[in-house]
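The values are calculated or read from the model by the stated rules, or taken from the named source; none is laboratory data. Please read these numbers as outputs of a predicted model, since none were measured by experiment. FYI the Cβ positions are ideal-geometry reconstructions off the backbone, even for glycines, and counts take in every protein chain you see. For the accessible areas, the whole protein counts, side chains as well, though only heavy atoms, and no ligand, DNA or RNA atoms are used. Shrake-Rupley method; radii C 1.70, N 1.55, O 1.52, S 1.80 Å.
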Amino acid sequence: MGDYTHEDQYMKIRRPWFRPDPELDRGEMEEMQREIAEEADWSGGLEVEEFSVVAGVDQAFHGDKAVSAAVVLRDGEVVERVDAVTEVEVPYVPGLLAYREGAAAAAALQRLELTPDAVLFDGSGRIHYRQAGLATHVGVLFDAHAVGVAKNLLCGYPVDEVDGLQEGERVRVEADGDVEAPAETTLGYAFQGKQDSSGRINPLYVSPGHRLDAETAVSLVESTVSAYKLPEPVRLADEHADDVKEEVVRDS
DNA sequence: GCGACAG
DNA sequence: ATCTTGTCGC
């Protein structure tokens with residue numbers, strides 16, 4: 001038979017029909033996002049302790065090239081680091097980020113030999129106009145546990161003041177009229193990780209992407225925060241993407 | 001027309 | 001995201 005176990009478990013696209021297609025027009029992209037949101041699972045089920053192998057993905061750009069990097073950590077230790085250079089085909093449009101960066105992120109994830117228990121993305125998950133941000137889109141594409149970690153709030157609103165949050169504190173983010181979801185639906189949380197070296201006060205906006213609930217998503221992010229504001233997997237992926245981008249800049 | 005907008 | 005020096009603060 002051979003090693004079918006590996007073939008069975010590595011990061012693989014399970015729903016190819018949701019591959020971010022740059023040829024679609026805006027209306028078609030938005031419609032696909034609604035379909036993705038219907039497939040998404042935000043019902044929890046696993047405890048934070050069950051996610052021991054966590055990956056972070058992030059992109060860097062140079063001209064029409066996108067550099068995506070994925071870094072996998074196991075109990076705080078880096079166990080794998082990969083990257084992929086692809087062509088950027090779509091401009092940045094708020095609400096359609098997955099069509100610009102999703103394919104690049106997927107390319108990097110497909111190069112992983114390890115199978116992470118969860119993937120952290122640099123962007124929103126459920127905190128999105130159609131509840132299908134980058135983390136939701138790619139999470140559903142791979143049917144993987146996915147979390148969105150954004151530095152800014154795309155939509156929805158924090159139910160309490162977020163200025164002056166202390167480290168570790170979180171404030172629920174609810175849907176408002178800009179979101180295609182019942183009012184008061186919990187989309188995610190504003191979470192205060194470590195402050196910047198300059199004592200900044202802006203929190204991270206964490207939202208579930210796929211296969212976990214908002215509470216588990218924040219707890220998972222909290223468990224991977226080290227000495228910086230960003231959770232370690234994302235911070236290291238960002239760092240690696242920048243390194244690879246420099247190489248791309250060299251031979252150009 | 002005005003305002004808002006992940007990376 | 002990206003382009004960038006000096007500089008405020010612990």
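The sum of -39500 (n - 2.57) across all DSSP H runs of n ≥ 4, divided by the residue count of chain A, sets its helix-only mean residue ellipticity at 222 nm to -9000 deg cm²/dmol.
Take region A:13-250 with all the other protein chains still there, run a 1.4 Å probe, and you get 43 Å² of accessible area per residue.
Round to a whole number: what % of the accessible area of region A:51-104 belongs to carbon and sulfur, probe 1.4 Å? Roughly 48 percent, rounded to a whole number. Taking the protein heavy atoms of region A:109-193 in the context of the full set of protein chains, the accessible area attributed to carbon and sulfur is 40 percent at 1.4 Å.
For region A:190-196, 3J(HN,Hα) computed residue by residue from phi via the Karplus equation (6.51, -1.76, 1.60; θ = phi - 60°) reads 8, 10, 8, x, 5, 6, 5 Hz, glycine and proline entered as x. Legend: translational diffusion of region A:157-252 by Stokes-Einstein, Rh = Kirkwood radius over C-alpha pairs, 20 °C, 1.002 mPa s; D = 143 µm²/s.
Using DSSP, restrict attention to beta bridges with both residues in chain A and report what percent are antiparallel, rounded to the nearest 5.
85 percent
Its alpha carbons considered, region A:86-172 gives a radius of gyration followed by a Dmax of 14.5, 42 Å. For A:Lys229, the aspartates and glutamates whose Cα comes closer than 15 Å to its Cα, not counting residues fewer than 8 places off in the same chain, are A:Asp122, A:Glu167, A:Glu169, A:Asp196, A:Asp238, A:Glu239. Dividing the alpha-carbon radius of gyration of chain A by the rule-of-thumb value 2.2 N^0.38 Å gives 0.95.
Summing charges over neighbours of A:Ala37, with a neighbour being any other residue whose Cβ is under 12 Å away from its Cβ, gives -4 when K and R count +1 and D and E count -1.
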